[in-house]
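The values are calculated or read from the model by the stated rules, or taken from the named source; none is laboratory data. Because the structure is a prediction, the values reported are computed rather than measured. Note: areas computed on protein heavy atoms with side chains; ligands, DNA, RNA excluded. Shrake-Rupley method; radii C 1.70, N 1.55, O 1.52, S 1.80 Å.
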Amino acid sequence: MTTRPTFFTPAFRDGASEAFGVPIIAMGATFIAFGAAVAEAGLPLGWAVLCSAAIYGMAGQIVLLGLVAAPGGAVVPAVVAATAANARFLPMAVALSPLLGPRRPVWRRMLALPFIAITPWALGMRRMPNLPEPDRLAWFLGFALTTWVSGLLVTSAGHLLAPALPPSLRAALVFTNPFYFALLLAGDLGRPGVRWAVIGGTAAAPLALWLGPAWGLLGAGLLGGTAAFLWERRRAAGPEATR
C-alpha cells in the first residue's frame, strides 16, 4: 500500500486556493503594520522577514520587537518573552492534531507544526473535519504555506512602505487579523463548547493587562479556557453534576 504524496495533490491545491481572499487580506494587513513598525524602530528588512518567518505569531512578534527596540534591550530576554507570548499555540496544536489525518508516518504530521497560528488553525478547525482523512494534512499545508509565504511578502512591503503609513493606520491594521478571528468565532457560537470558550476568554481578558505583555495572553487564555472547559463539562454532565 502506497502513501499519497503530501504536496501538489488536489487537496493541497484546494487549501492554497482557499487561503486567497479574506484570510490573506486579514493576515496581510497585520503583517504590513508589523513590517512598518520594524522599519520605524530602525531595524533592517531582514530582521522583519526573519521574525515573521520564525515566530509567525503577531503577539510574539510585537513583544520581541518592543523589547529589542527598547534602549538597552537584551536579545535573550526578548526571545524568552516572545516564546512565552506564543505559548498559546501549544493547546491549539493539541486541539488540531487529531484532525490532521493518519498518524503514520509521524514525520508527515510534524510538517504542520511550524504553521500552527491563528488563521491556519481557525480555518483548519472549521474545514478539516469535513474532508476525507487522507486529504486533511495536504489541505492544511496548502493553506498554511500560502498564508505563511504571503505574510513574509507583506512584511517586506510594510517595511518598504513605512514612510507612507502613519502610526494611527498601522495601529488599526494590527488588529485586522484578530478582528477576523473574532468574526470566525462569532460564526461558531452555536457549536458545543465554543460559546463558553468565548465567554471565558473575554471575561479573563483584563488579566492580560495585569500580567504584562509576556505572560498576559498565556495567563488569561489558561484561566479563561480552563474555566470554560470545566463549565462545559459540568453542563454536559447534566443535573447529576450539581448534586
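Brief remarks follow.
- Compactness of segment 16-64, taken as the C-alpha radius of gyration over 2.2 N^0.38 Å, stands at 1.20.
- The heavy atoms of LEU153 offer some 120 square angstrom of accessible surface to a 1.4 angstrom probe.
- Based on the Kirkwood approach, the hydrodynamic radius assigned to segment 110-151 is 10.3 Å, with every pair of different Cα atoms included.
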